[in-house]
1. Can you tell me how many residues in region 113-152 are touching a helix residue (DSSP H, G or I) at 6+ places or on another chain (Cβ under 7 Å) and farther than 15 Å from residue 65 by Cβ?
2. Just for region 125-170: of the residues that are of a type in the set (Lys, Arg), part of a loop (DSSP other than H, G, I, E, B) and farther than 30 Å from residue 72 by Cβ, which one is modelled with the highest pLDDT?
3. Can residue 122 be described as at pLDDT 90 or above and in a loop (DSSP other than H, G, I, E, B)?
4. Which of the residues belonging to region 111-127 are buried (at least 19 other Cβ atoms within 10 Å of the Cβ) and either of a type outside the set (A, V, I, L, M, F, W, C) or in contact with a Leu (Cβ under 8 Å, 6 or more places away or on another chain) (or both)?
5. Any idea how many residues of region 24-59 are within 30 Å of residue 97 (Cα to Cα) and touching a residue at least 24 places away in the same chain (Cβ under 8 Å)?
6. Of all the residues that make up region 18-67, how many are within 30 Å of residue 116 (Cα to Cα) and among the aromatic types (Phe, Trp, Tyr)?
7. Before we move on, is residue 37 surrounded by 13 or more Cβ atoms within 10 Å (Cβ to Cβ) and on the phi > 0 side of the Ramachandran plot?
Amino acid sequence: MSLNRRFAPLDEIDLLIISELQKDCRRTFSQLARRAKMSAPAVSERIERLKESGVIAGFQTVVDPKAIGLEMSAFVRVRPMPGQLQKVIENAKRMEQVTECHRITGEDCLMLRIYFDHIDTLDQILDQFTPIGQTTTSIVQSSPVSPRPVSLPQPTRLSRKNSKPEIRTERGKELH
């Protein structure tokens, strides 16, 4: 991904649609259209444009890891040995226990999020990285802030002949 990637400015209707989809991505075009005071085909076109431009990167089902037997989670920082960065990244990509992998600043190069069922499994996961890098592991005890959608920017006020829809962009606050 380019560091200079530019997105088209979002208007208040785009922000409303995105906000509603972040709350529940199963909402129908008709439901979204009522909220945005638009037609369902117009909402569909906007969503398609937002997907094509990369603003909406996808839709997903969130599964509780504990419900499928993955009782434990950890963050693993990895400092690859010289020349081993790509191999560490390849390992992370192929391991189903790794749900996130981020390039980071500091002494370590990568931060992994892993889920596993037992401490013995953690050893097996870490053993995949120790020949090619140094790992530092932090087991998650609890998660007081669950993953949540990114906060949307404040909408730019546009003059419209119709009444403006209500939008929520500041975590639960109605904007008029």
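The values are calculated or read from the model by the stated rules, or taken from the named source; none is laboratory data. Fair warning: this is a prediction, and the values are worked out from it, not measured in the lab. All Cβ positions, even for glycine, are placed from backbone atoms using ideal geometry, and neighbour counts span all protein chains on display.
1. The qualifying residues number 8.
2. The residue in question is 157.
3. The answer is no for residue 122.
4. Scanning region 111-127 gives 114, 115, 116.
5. Result for region 24-59: 5.
6. Count: 1.
7. yes
To keep it simple, each residue is scored yes or no on (1) outside any helix (DSSP H, G or I); (2) not assigned by TED's automatic domain parsing to the domain that holds residue 115.
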residue: 34; (1), (2): no, yes
residue: 50; (1), (2): no, yes
residue: 70; (1), (2): yes, no
residue: 79; (1), (2): yes, no
residue: 90; (1), (2): no, no
